[in-house]
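Here the structure comes first, spelled out in structure tokens, and everything after it is commentary.
The values are calculated or read from the model by the stated rules, or taken from the named source; none is laboratory data. Just so it is clear, the model here is predicted, and its values are computed rather than measured. Please note: Cβ atoms are built from the backbone with ideal geometry, for glycine as well, and neighbour counts cover all protein chains shown.
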């Protein structure tokens with residue numbers, strides 16, 4: 001086994017680095033992630049964190065349901081022998097337990113901090129303007145001519161619904177041509193331009209899109225509005241908690257690098 005780095009009592013092999021690089025990033029970034037884990041593992045070892053057989057068995061079974069077990073791309077686990085896999089699982093559990101002891105995942109976030117984040121980023125918490133339309137759709141040869149003749153038969157919403165059921169070539173004709181709610185950019189620009197210019201109940205003139213010809217009837221409009229704090233308080237608390245845990249972990253790792261600086265050895269010859 002070619003050892004490329006040593007962090008106190010933990011060795012990092014070329015195989016470890018190759019496996020970590022499969023998760024993305026440069027060789028330097030992959031090595032940094034491995035050193036980070038070794039530092040956490042070393043501190044956990046010093047504090048006598050351990051893994052019971054039951055914890056190991058549960059973690060092993062959970063791997064079967066994960067798309068990327070242990071954060072590794074599919075298939076990499078198959079290249080490990082049983083001892084390597086067990087070591088990796090046990091180390092992962094120990095690190096997770098150690099980090100949880102430093103900053104519990106269920107640590108409450110003060111409401112004042114959540115509100116502060118909310119008010120700092122109000123622009124990110126706005127619902128887009130949306131419209132709901134029904135349409136009549138005609139495609140193929142002489143589509144514009146045919147849909148123009150159809151439009152001449154429509155004088156009100158009831159006419160629209162009858163004509164849609166009889167002539168529209170979109171599957172939505174079974175539900176009165178309903179396109180549901182949509183924001184700008186979700187459909188063709190040609191549809192956006194017409195849909196967002198209409199008033200509720202108004203029926204458009206025929207127009208073309210890359211797919212064919214349409215007549216739109218605006219059935220509802222939702223104006224852009226601010227999402228109430230109460231509606232997103234829980235998701236904001238989760239997001240803020242994750243940010244604070246990540247920031248705490250970065251600070252803790254910086255402290256560990258300083259504590260074990262002289263015992264972090266990288267063998268440059270092995271990296272060439």
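Yes/no per residue for (1) part of a strand (DSSP E or B); (2) over 30 Å from residue 243 (Cβ atoms); (3) in contact with a strand residue (DSSP E or B) (Cβ under 6 Å, 6 or more places away or on another chain); (4) not assigned by TED's automatic domain parsing to the domain that holds residue 238:
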{"residue": "115", "(1), (2), (3), (4)": "no, no, no, yes"}
{"residue": "119", "(1), (2), (3), (4)": "no, no, no, yes"}
{"residue": "135", "(1), (2), (3), (4)": "yes, yes, yes, yes"}
{"residue": "141", "(1), (2), (3), (4)": "no, yes, no, yes"}
{"residue": "149", "(1), (2), (3), (4)": "no, yes, no, yes"}
{"residue": "160", "(1), (2), (3), (4)": "no, yes, yes, yes"}
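Please determine whether any residue of region 212-230 is out of contact with any helix residue (DSSP H, G or I) (no Cβ under 6 Å at 6 or more places or on another chain), under 25 Å from residue 129 (Cβ atoms) and in a helix (DSSP H, G or I).
There is at least one residue in region 212-230 that is out of contact with any helix residue (DSSP H, G or I) (no Cβ under 6 Å at 6 or more places or on another chain), under 25 Å from residue 129 (Cβ atoms) and in a helix (DSSP H, G or I).
Taking only region 37-61 into account, find how many residues are part of a helix (DSSP H, G or I), surrounded by 13 or more Cβ atoms within 10 Å (Cβ to Cβ) and out of contact with any strand residue (DSSP E or B) (no Cβ under 9 Å at 6 or more places or on another chain).
Residues meeting the conditions: 7.
Which pairs have Cβ atoms under 8 Å, sit 6 or more apart or on different chains, and link a residue in region 236-251 that is farther than 14 Å from residue 106 by Cα to one that is not in a helix (DSSP H, G or I)?
Hits for this filter: 248/103; 249/103.
Name the single residue, out of those in region 181-203 being in a strand (DSSP E or B) and touching a strand residue (DSSP E or B) at 6+ places or on another chain (Cβ under 6 Å), that is nearest to residue 132 (Cα to Cα).
181
Conditions tested, residue by residue: (1) outside the structural domain of residue 39 (by TED's automatic domain parsing); (2) under 22 Å from the mean Cα position of the chain (by Cα); (3) surrounded by 13 or more Cβ atoms within 10 Å (Cβ to Cβ); (4) closer than 19 Å to residue 95 by Cα.
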{"site": "195", "(1), (2), (3), (4)": "yes, no, yes, no"}
{"site": "206", "(1), (2), (3), (4)": "yes, no, yes, no"}
{"site": "211", "(1), (2), (3), (4)": "yes, no, yes, no"}
{"site": "240", "(1), (2), (3), (4)": "no, yes, yes, no"}
{"site": "245", "(1), (2), (3), (4)": "no, yes, yes, yes"}
{"site": "249", "(1), (2), (3), (4)": "no, yes, yes, yes"}
{"site": "259", "(1), (2), (3), (4)": "no, no, yes, yes"}
{"site": "264", "(1), (2), (3), (4)": "no, no, yes, yes"}
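Step by step: first the residues of region 62-107, then only those that are outside any helix (DSSP H, G or I) and touching a residue at least 24 places away in the same chain (Cβ under 8 Å), then the one that is surrounded by the most Cβ atoms within 10 Å (Cβ to Cβ). Which residue is that?
72
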